[in-house]
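To start, the structure itself, in C-alpha coordinates.
The values are calculated or read from the model by the stated rules, or taken from the named source; none is laboratory data. A quick note: this is a predicted structure, and the numbers were derived from the prediction, not measured. Here the Cβ positions follow ideal geometry from the backbone for every residue, glycine too, while neighbour counts run over all protein chains shown. Heavy atoms of the whole protein, side chains included, go into the accessibility calculation; ligands, DNA and RNA do not. Shrake-Rupley method; radii C 1.70, N 1.55, O 1.52, S 1.80 Å.
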Amino acid sequence: MTVSVILIPILAASAAGIGAMARALGRSIPTPVLCLFTVLPILLFPGAFVSDRTPLPLDHAASIRPWNVLPHPAPRNANLNDVATQLLPWAQAVRVSWKDLSLPLRNRWNGCGTSLAANSQSAAYSPFTLLALLLPLVPGFTLLAALKLLFAMSGMWLWLRELQVSPRAAVFGSVTFAFSFAFTPWLFFPNATVMSLWSWILFLMELCRDPKRRAGATAALAGVFSIAALAGHPENVVLGCLFAGLWIAGRRIVGDLPELGAVTRATAVAATLALGLTAFCLLPSIWAIASSSSAVAAQTHPSAFWNPHGSVWRTGVLTPFFPHALGNAVESPDDKRVEAFVTVCA
(Lines give C-alpha, C1' and ligand atoms only; values in the text may rest on other atoms or scores of the structure.)
Protein backbone atom coordinates (compact mmCIF):
# COMPACT_ATOMS: atom_id res chain seq x y z
CA MET A 1 0.00 0.00 0.00
CA THR A 2 1.38 3.39 -0.97
CA VAL A 3 1.52 6.41 1.31
CA SER A 4 -1.05 8.09 -0.93
CA VAL A 5 -3.79 5.71 0.23
CA ILE A 6 -3.62 7.36 3.66
CA LEU A 7 -4.92 10.53 2.01
CA ILE A 8 -8.50 9.27 1.85
CA PRO A 9 -8.85 8.53 5.61
CA ILE A 10 -7.28 11.91 6.47
CA LEU A 11 -9.62 13.68 4.07
CA ALA A 12 -12.61 11.81 5.50
CA ALA A 13 -11.57 12.72 9.05
CA SER A 14 -11.24 16.35 7.97
CA ALA A 15 -14.75 16.26 6.53
CA ALA A 16 -16.06 14.82 9.79
CA GLY A 17 -14.30 17.64 11.63
CA ILE A 18 -15.93 20.23 9.38
CA GLY A 19 -19.32 18.68 10.05
CA ALA A 20 -18.66 18.83 13.79
CA MET A 21 -17.64 22.49 13.56
CA ALA A 22 -20.85 23.33 11.72
CA ARG A 23 -22.93 21.58 14.40
CA ALA A 24 -21.03 23.43 17.13
CA LEU A 25 -22.10 26.67 15.45
CA GLY A 26 -25.73 25.57 15.47
CA ARG A 27 -25.85 24.65 11.79
CA SER A 28 -25.39 21.37 9.94
CA ILE A 29 -24.24 19.93 6.65
CA PRO A 30 -26.28 16.84 5.65
CA THR A 31 -24.18 13.69 5.52
CA PRO A 32 -24.87 13.01 1.80
CA VAL A 33 -23.81 16.58 0.95
CA LEU A 34 -20.65 16.30 3.05
CA CYS A 35 -19.84 12.95 1.41
CA LEU A 36 -20.25 14.55 -2.02
CA PHE A 37 -17.89 17.37 -1.06
CA THR A 38 -15.36 14.77 0.11
CA VAL A 39 -15.53 12.58 -2.99
CA LEU A 40 -15.35 15.33 -5.63
CA PRO A 41 -11.73 16.34 -4.84
CA ILE A 42 -10.72 12.69 -5.12
CA LEU A 43 -12.38 12.42 -8.54
CA LEU A 44 -10.42 15.46 -9.72
CA PHE A 45 -7.16 13.48 -9.71
CA PRO A 46 -7.94 9.93 -8.51
CA GLY A 47 -4.51 8.54 -9.38
CA ALA A 48 -2.93 10.67 -6.66
CA PHE A 49 -5.09 8.98 -4.00
CA VAL A 50 -4.46 5.35 -4.90
CA SER A 51 -0.95 5.35 -6.36
CA ASP A 52 2.33 7.26 -6.32
CA ARG A 53 1.22 9.48 -9.20
CA THR A 54 0.94 13.21 -8.60
CA PRO A 55 -0.77 16.16 -10.30
CA LEU A 56 2.16 18.40 -9.35
CA PRO A 57 4.03 19.91 -12.34
CA LEU A 58 7.27 18.05 -11.69
CA ASP A 59 7.96 18.01 -15.42
CA HIS A 60 9.44 21.49 -14.91
CA ALA A 61 12.51 19.84 -13.36
CA ALA A 62 13.72 18.98 -16.85
CA SER A 63 13.72 22.68 -17.75
CA ILE A 64 16.16 23.65 -14.98
CA ARG A 65 19.92 23.31 -14.97
CA PRO A 66 21.59 20.85 -14.94
CA TRP A 67 18.74 18.66 -16.23
CA ASN A 68 17.86 21.02 -19.09
CA VAL A 69 20.85 19.80 -21.10
CA LEU A 70 19.03 16.51 -21.67
CA PRO A 71 16.38 16.09 -24.39
CA HIS A 72 12.99 16.68 -22.87
CA PRO A 73 9.51 17.79 -23.91
CA ALA A 74 8.31 21.23 -22.91
CA PRO A 75 6.31 21.40 -19.65
CA ARG A 76 2.63 20.72 -20.16
CA ASN A 77 1.71 23.96 -18.41
CA ALA A 78 4.41 26.62 -18.38
CA ASN A 79 2.33 28.79 -16.04
CA LEU A 80 2.85 26.33 -13.19
CA ASN A 81 6.61 26.84 -13.02
CA ASP A 82 6.28 28.72 -9.71
CA VAL A 83 4.86 25.59 -8.08
CA ALA A 84 7.94 23.57 -9.00
CA THR A 85 10.62 26.24 -8.56
CA GLN A 86 9.30 28.19 -5.57
CA LEU A 87 6.37 26.71 -3.65
CA LEU A 88 7.72 23.15 -3.45
CA PRO A 89 11.23 24.24 -2.36
CA TRP A 90 9.77 26.63 0.22
CA ALA A 91 7.48 23.90 1.55
CA GLN A 92 10.45 21.55 1.86
CA ALA A 93 12.48 24.21 3.67
CA VAL A 94 9.61 24.72 6.11
CA ARG A 95 9.37 20.98 6.69
CA VAL A 96 13.08 20.63 7.40
CA SER A 97 12.95 23.54 9.84
CA TRP A 98 10.02 22.14 11.79
CA LYS A 99 11.54 18.65 11.86
CA ASP A 100 14.77 20.19 13.22
CA LEU A 101 12.59 21.77 15.95
CA SER A 102 13.59 25.25 14.76
CA LEU A 103 11.43 28.16 13.66
CA PRO A 104 11.22 28.48 9.83
CA LEU A 105 12.54 32.04 9.82
CA ARG A 106 15.29 31.77 7.21
CA ASN A 107 15.69 29.68 4.09
CA ARG A 108 19.33 28.74 4.48
CA TRP A 109 19.28 26.63 1.33
CA ASN A 110 18.52 29.58 -0.96
CA GLY A 111 21.56 31.65 -1.90
CA CYS A 112 23.13 33.12 1.24
CA GLY A 113 19.83 32.83 3.10
CA THR A 114 16.50 34.51 2.44
CA SER A 115 13.27 35.14 4.32
CA LEU A 116 11.15 32.02 4.69
CA ALA A 117 8.18 32.59 6.98
CA ALA A 118 8.22 36.31 6.17
CA ASN A 119 7.82 35.74 2.43
CA SER A 120 4.17 34.86 3.22
CA GLN A 121 3.76 32.34 0.40
CA SER A 122 5.68 29.69 2.30
CA ALA A 123 2.71 29.65 4.76
CA ALA A 124 5.12 28.41 7.40
CA TYR A 125 2.68 28.78 10.30
CA SER A 126 -0.52 27.81 8.48
CA PRO A 127 -2.58 24.99 10.02
CA PHE A 128 -2.90 23.63 6.48
CA THR A 129 0.90 23.41 6.23
CA LEU A 130 1.20 21.77 9.64
CA LEU A 131 -1.43 19.18 8.74
CA ALA A 132 0.45 18.34 5.56
CA LEU A 133 3.50 17.46 7.68
CA LEU A 134 1.75 14.17 8.44
CA LEU A 135 2.67 13.07 4.91
CA PRO A 136 5.70 13.30 2.63
CA LEU A 137 5.99 16.44 0.52
CA VAL A 138 4.24 15.30 -2.68
CA PRO A 139 1.19 13.55 -1.16
CA GLY A 140 1.07 16.41 1.33
CA PHE A 141 0.43 18.82 -1.54
CA THR A 142 -2.30 16.50 -2.84
CA LEU A 143 -3.95 16.55 0.59
CA LEU A 144 -3.79 20.36 0.70
CA ALA A 145 -5.42 20.65 -2.72
CA ALA A 146 -8.27 18.36 -1.67
CA LEU A 147 -8.73 20.20 1.63
CA LYS A 148 -8.99 23.55 -0.16
CA LEU A 149 -11.82 22.23 -2.30
CA LEU A 150 -13.52 20.61 0.69
CA PHE A 151 -13.36 23.81 2.77
CA ALA A 152 -14.52 25.94 -0.15
CA MET A 153 -17.57 23.79 -0.85
CA SER A 154 -18.59 23.28 2.78
CA GLY A 155 -18.25 26.98 3.62
CA MET A 156 -20.20 27.99 0.55
CA TRP A 157 -22.96 25.51 1.44
CA LEU A 158 -23.27 26.97 4.93
CA TRP A 159 -23.32 30.55 3.64
CA LEU A 160 -25.90 29.90 0.92
CA ARG A 161 -28.13 27.98 3.30
CA GLU A 162 -27.85 30.84 5.81
CA LEU A 163 -29.13 33.07 3.00
CA GLN A 164 -32.16 30.75 2.70
CA VAL A 165 -31.05 29.32 -0.64
CA SER A 166 -32.62 25.93 -1.42
CA PRO A 167 -30.50 22.82 -0.69
CA ARG A 168 -30.11 21.90 -4.37
CA ALA A 169 -29.12 25.43 -5.33
CA ALA A 170 -26.68 25.50 -2.41
CA VAL A 171 -25.00 22.31 -3.65
CA PHE A 172 -24.81 23.74 -7.16
CA GLY A 173 -23.36 27.03 -5.92
CA SER A 174 -20.84 25.27 -3.69
CA VAL A 175 -19.49 23.01 -6.43
CA THR A 176 -19.50 25.83 -8.97
CA PHE A 177 -17.46 28.05 -6.66
CA ALA A 178 -14.86 25.44 -5.74
CA PHE A 179 -14.34 24.23 -9.31
CA SER A 180 -14.49 27.64 -10.98
CA PHE A 181 -11.62 28.99 -13.07
CA ALA A 182 -11.03 31.60 -10.38
CA PHE A 183 -10.11 28.74 -8.04
CA THR A 184 -8.82 25.59 -9.70
CA PRO A 185 -5.93 27.13 -11.73
CA TRP A 186 -4.47 28.28 -8.40
CA LEU A 187 -5.13 25.03 -6.54
CA PHE A 188 -1.47 24.43 -5.65
CA PHE A 189 -0.86 28.10 -4.82
CA PRO A 190 -1.57 29.82 -1.48
CA ASN A 191 -4.12 32.01 -3.31
CA ALA A 192 -6.57 29.11 -3.32
CA THR A 193 -5.99 28.39 0.37
CA VAL A 194 -7.21 31.87 1.27
CA MET A 195 -10.05 31.71 -1.25
CA SER A 196 -11.28 28.47 0.33
CA LEU A 197 -11.90 30.48 3.51
CA TRP A 198 -13.79 33.36 1.85
CA SER A 199 -17.09 31.49 2.05
CA TRP A 200 -16.51 30.75 5.74
CA ILE A 201 -15.94 34.45 6.43
CA LEU A 202 -19.20 35.33 4.69
CA PHE A 203 -21.08 32.55 6.49
CA LEU A 204 -19.83 33.57 9.93
CA MET A 205 -20.57 37.25 9.28
CA GLU A 206 -24.11 36.23 8.34
CA LEU A 207 -24.36 34.07 11.45
CA CYS A 208 -23.49 37.11 13.57
CA ARG A 209 -26.99 38.40 12.81
CA ASP A 210 -28.37 35.79 15.22
CA PRO A 211 -28.01 37.11 18.81
CA LYS A 212 -27.97 33.56 20.19
CA ARG A 213 -25.07 32.56 17.93
CA ARG A 214 -23.19 35.86 17.84
CA ALA A 215 -20.58 35.09 20.50
CA GLY A 216 -19.63 31.74 19.00
CA ALA A 217 -19.71 33.13 15.47
CA THR A 218 -17.41 36.00 16.48
CA ALA A 219 -14.90 33.62 18.04
CA ALA A 220 -15.02 31.36 14.99
CA LEU A 221 -14.64 34.36 12.67
CA ALA A 222 -11.53 35.44 14.58
CA GLY A 223 -10.15 31.93 14.06
CA VAL A 224 -10.91 31.96 10.32
CA PHE A 225 -9.38 35.42 9.92
CA SER A 226 -6.27 34.18 11.71
CA ILE A 227 -5.95 31.06 9.56
CA ALA A 228 -6.46 33.15 6.42
CA ALA A 229 -3.73 35.59 7.49
CA LEU A 230 -1.31 32.69 7.95
CA ALA A 231 -2.38 30.85 4.77
CA GLY A 232 0.23 32.46 2.53
CA HIS A 233 -1.46 35.15 0.48
CA PRO A 234 -2.37 38.31 2.42
CA GLU A 235 -3.45 40.05 -0.79
CA ASN A 236 -6.33 37.60 -1.15
CA VAL A 237 -7.26 38.17 2.49
CA VAL A 238 -7.62 41.88 1.74
CA LEU A 239 -9.64 41.20 -1.41
CA GLY A 240 -11.93 38.77 0.41
CA CYS A 241 -12.55 41.26 3.21
CA LEU A 242 -13.15 44.01 0.65
CA PHE A 243 -15.81 41.90 -1.06
CA ALA A 244 -17.38 41.03 2.29
CA GLY A 245 -17.54 44.73 3.15
CA LEU A 246 -19.12 45.60 -0.18
CA TRP A 247 -21.61 42.74 0.21
CA ILE A 248 -22.66 43.91 3.67
CA ALA A 249 -22.91 47.54 2.51
CA GLY A 250 -25.04 46.50 -0.46
CA ARG A 251 -27.32 44.48 1.82
CA ARG A 252 -27.75 47.51 4.04
CA ILE A 253 -28.52 49.82 1.12
CA VAL A 254 -31.40 47.61 -0.05
CA GLY A 255 -32.70 47.31 3.51
CA ASP A 256 -31.88 43.61 3.91
CA LEU A 257 -29.57 43.96 6.92
CA PRO A 258 -31.16 45.68 9.94
CA GLU A 259 -28.47 44.14 12.17
CA LEU A 260 -25.67 46.02 10.41
CA GLY A 261 -24.33 47.53 13.63
CA ALA A 262 -24.12 44.20 15.43
CA VAL A 263 -22.52 42.45 12.45
CA THR A 264 -20.00 45.27 12.00
CA ARG A 265 -19.02 45.27 15.66
CA ALA A 266 -18.64 41.50 15.76
CA THR A 267 -16.54 41.51 12.59
CA ALA A 268 -14.35 44.33 13.93
CA VAL A 269 -13.75 42.42 17.17
CA ALA A 270 -12.89 39.25 15.25
CA ALA A 271 -10.55 41.10 12.88
CA THR A 272 -8.79 42.86 15.77
CA LEU A 273 -8.27 39.56 17.59
CA ALA A 274 -6.95 37.97 14.41
CA LEU A 275 -4.49 40.81 13.79
CA GLY A 276 -3.16 40.43 17.31
CA LEU A 277 -2.88 36.66 17.04
CA THR A 278 -1.04 36.78 13.71
CA ALA A 279 1.12 39.87 14.26
CA PHE A 280 4.13 37.60 14.81
CA CYS A 281 3.90 36.66 11.12
CA LEU A 282 2.37 39.76 9.51
CA LEU A 283 4.83 42.30 10.94
CA PRO A 284 7.97 40.43 9.73
CA SER A 285 6.28 40.09 6.31
CA ILE A 286 5.75 43.86 6.09
CA TRP A 287 9.36 44.35 7.21
CA ALA A 288 10.50 41.95 4.46
CA ILE A 289 8.50 43.94 1.90
CA ALA A 290 10.29 47.09 3.03
CA SER A 291 13.60 45.37 2.20
CA SER A 292 12.42 43.94 -1.13
CA SER A 293 12.54 45.05 -4.74
CA SER A 294 8.92 46.18 -4.38
CA ALA A 295 10.10 48.84 -1.95
CA VAL A 296 12.78 49.90 -4.45
CA ALA A 297 10.15 50.15 -7.18
CA ALA A 298 7.93 52.17 -4.85
CA GLN A 299 10.71 54.71 -4.37
CA THR A 300 11.25 55.10 -8.10
CA HIS A 301 7.56 55.34 -9.09
CA PRO A 302 5.50 58.37 -8.10
CA SER A 303 2.34 56.29 -7.67
CA ALA A 304 0.90 52.81 -8.06
CA PHE A 305 -1.31 51.74 -10.92
CA TRP A 306 -4.13 49.23 -11.17
CA ASN A 307 -3.55 49.51 -14.92
CA PRO A 308 -1.06 51.42 -17.09
CA HIS A 309 -3.37 54.43 -17.31
CA GLY A 310 -4.76 55.00 -13.82
CA SER A 311 -3.19 56.30 -10.63
CA VAL A 312 -4.74 55.12 -7.35
CA TRP A 313 -2.92 55.97 -4.12
CA ARG A 314 0.57 56.23 -2.70
CA THR A 315 2.58 53.04 -2.95
CA GLY A 316 3.54 53.16 0.71
CA VAL A 317 -0.06 52.21 1.55
CA LEU A 318 -0.53 49.79 -1.32
CA THR A 319 2.52 47.52 -1.16
CA PRO A 320 2.01 46.01 2.34
CA PHE A 321 -1.29 44.56 1.11
CA PHE A 322 -0.32 43.92 -2.54
CA PRO A 323 3.45 43.25 -2.46
CA HIS A 324 3.67 42.56 -6.20
CA ALA A 325 1.61 45.58 -7.28
CA LEU A 326 4.72 47.21 -8.75
CA GLY A 327 6.16 44.02 -10.13
CA ASN A 328 9.46 42.44 -9.22
CA ALA A 329 12.28 44.33 -10.88
CA VAL A 330 15.04 42.21 -9.33
CA GLU A 331 15.24 38.60 -10.51
CA SER A 332 17.24 35.94 -8.70
CA PRO A 333 19.80 34.00 -10.77
CA ASP A 334 18.62 30.62 -11.94
CA ASP A 335 21.37 28.96 -9.92
CA LYS A 336 19.65 29.95 -6.68
CA ARG A 337 16.45 28.32 -7.81
CA VAL A 338 18.40 25.22 -8.79
CA GLU A 339 19.88 24.95 -5.30
CA ALA A 340 16.43 25.19 -3.74
CA PHE A 341 14.96 22.71 -6.20
CA VAL A 342 17.75 20.21 -5.56
CA THR A 343 16.76 20.25 -1.90
CA VAL A 344 13.29 19.04 -2.88
CA CYS A 345 14.54 16.41 -5.30
CA ALA A 346 17.00 15.08 -2.76
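What is the percent carbon and sulfur in the accessible area of region 202-277, measuring with a 1.4 Å probe over the protein chains and ignoring ligands? Don't skip to the answer; put the middle values down first.
Details: 2510 of 3520 Å².
For region 202-277, the apolar C and S fraction of the accessible surface comes to 72 percent.
What whole-number distance in Å separates the alpha-carbon centres of region 132-169 and region 19-85?
13 Å
Label 7 Å along Cα→Cβ of ALA62; region 70-99 residues with amide nitrogen under 14 Å?
What the label zone holds, given the 14 Å backbone N cut-off, is 70-78.
Could you pull the Cα extents of region 4-60 along its three principal axes, largest to smallest, in whole Å?
46, 20, 15
Got a sec to turn the phi values of region 23-28 into Karplus ³J(HN,Hα) couplings, 6.51 cos²θ - 1.76 cosθ + 1.60 with θ = phi - 60°, whole Hz, x for Gly and Pro?
5, 5, 8, x, 10, 8
Carbon and sulfur together cover what percent of the accessible area of region 14-88 at a 1.4 Å probe radius?
Of the solvent-accessible surface of region 14-88, carbon and sulfur hold 63 percent.
When the Karplus curve 6.51 cos²θ - 1.76 cosθ + 1.60 is applied with θ = phi - 60°, which whole-Hz ³J(HN,Hα) does each residue of region 35-47 get, with x for Gly and Pro?
In residue order, the calculated couplings are 5, 4, 5, 7, 6, 4, x, 5, 5, 5, 9, x, x Hz.
Taking only Cα atoms of region 187-287, what ratio of Rg to Rh do you get with Rh as the Kirkwood inverse-distance radius?
We get a ratio of 0.99 for region 187-287.
Which of the chymotrypsin sites (Phe, Trp or Tyr not before Pro) across region 154-213 are loop residues per DSSP, with 14 or fewer other Cβ within 10 Å?
Values: sites: TRP157, TRP159, PHE172, PHE177, PHE179, PHE181, PHE183, TRP186, PHE188, TRP198, TRP200, PHE203; in loops: PHE179, PHE181, PHE183, PHE188.
Hits after loop and neighbour filter: PHE181.
Based on the Kirkwood radius over alpha-carbon pairs, what value in µm²/s does the Stokes-Einstein equation return for the translational diffusion coefficient of region 64-105 at 25 °C and 0.890 mPa s?
Taking Rh from Cα pairs, D becomes 199 µm²/s.
Can you list residues whose amide H is under 5 Å from ASN110's amide H, if they're 5+ apart or on another chain and H is modeled 1.01 Å from N?
HN-HN under 5 Å from ASN110: empty list.
Do any trypsin sites (Lys or Arg not before Pro) in region 200-286 lie in a loop, going by DSSP, with at most 12 other beta-carbon atoms within 10 Å of their beta carbon, and if so which?
Hits after loop and neighbour filter: LYS212.
Leaving out ligands and nucleic acids, note down the accessible area per residue over region 172-228 with a 1.4 angstrom probe, in whole Å². Numbers along the way, then the final one.
Working: 2020 Å² over 57 residues.
Accessible surface, normalised per residue, equals 36 Å².
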